1. Output the residues belonging to the stretch 2-50 that are exposed (fewer than 14 other Cβ atoms within 10 Å of the Cβ), at pLDDT 75 or above and assigned to a helix (DSSP H, G or I).
2. Scan 262, 267, 239, 258 and give me the residue that is farther than 27 Å from residue 65 by Cβ and crowded, with 18+ Cβ neighbours inside 10 Å.
3. Can you name every residue in the stretch 194-216 that is under 20 Å from the mean Cα position of the chain (by Cα) and buried (at least 16 other Cβ atoms within 10 Å of the Cβ)?
4. Taking into account only those residues within the stretch 158-181 that are at pLDDT 90 or above and over 19 Å from residue 221 (Cβ atoms), which is surrounded by the fewest Cβ atoms within 10 Å (Cβ to Cβ)?
């Protein structure tokens with residue numbers, strides 16, 4: 001029933017298949033449940049599913065779109081790199097037919113990677129971590145031009161995001177693949193030991209927001225017309241790690257503690273890459 005049969009006037013679907021590991025070919029076959037419908041029908045068709053399933057489908061869409069765009073840009077010389085971390089903590093190529101969609105990160109030019117859907121731990125639980133992070137970040141920040149991008153050592157950047165990860169608790173259906181985030185930084189530096197960094201402090205934002213009548217998690221610590229412009233201008237050959245220090249007020253549905261929110265931006269000259277945290281060995 002879900003692989004090509006079109007039922008007239010059926011415009012609502014509930015999808016609940018939630019395996020431990022998602023494989024792209026199977027999920028894409030299930031997407032045929034829509035059938036051969038006109039654009040007019042698709043405009044009013046509704047699809048209902050659980051948040052973890054939605055996130056998996058979103059990753060599949062990003063993965064598939066990146067492959068398609070990578071081929072369309074230069075069909076004769078198109079190159080898509082499939083990579084993973086081996087047991088020795090090295091980034092190595094892997095076979096595309098080993099890719100599982102449970103934890104895949106797609107890297108394309110100016111792609112943003114960031115944690116979303118989280119709550120901070122209690123102020124007392126993260127106070128020491130905040131002191132450590134403030135020290136690491138402010139020690140790297142230039143005194144004469146603190147608002148300008150600056151180069152930071154890769155090992156310091158990886159240490160910073162590892163400390164940040166200690167402060168977060170994620171809601172059901174959300175996670176931060178820290179391994180992939182750090183691997184992306186390492187891969188995108190292309191053998192260089194540095195990457196760009198941009199620091200912003202004294203930020204406020206409500207953790208939850210209304211979007212089309214639905215409550216969603218805030219997902220834009222950076223602004224496209226300010227930090228986004230800086231990142232696109234600066235990150236040409238090296239990635240940029242943007243670090244935002246939020247005040248975390250209780251009135252904004254946080255837990256009353258400041259916290260750091262990282263955003264990684266892939267450089268302009270990035271070749272399409274697929275990083276797999278899980279593979280079929």
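The values are calculated or read from the model by the stated rules, or taken from the named source; none is laboratory data. Bear in mind the structure is a predicted one, so any value in this text is a computation, not a measurement. Cβ atoms come from the backbone with ideal geometry, glycine included; neighbour counts cover every protein chain shown.
1. Passing the criteria: 39, 40, 42, 43, 44.
2. Values: 262 fails: farther than 27 Å from residue 65 by Cβ; 267 fails: farther than 27 Å from residue 65 by Cβ; 239 fails: farther than 27 Å from residue 65 by Cβ.
Of the residues listed, the single one that is farther than 27 Å from residue 65 by Cβ and crowded, with 18+ Cβ neighbours inside 10 Å is 258.
3. Hits for the stretch 194-216 are 195, 196, 197, 198, 199, 200, 205, 207.
4. That would be 159.
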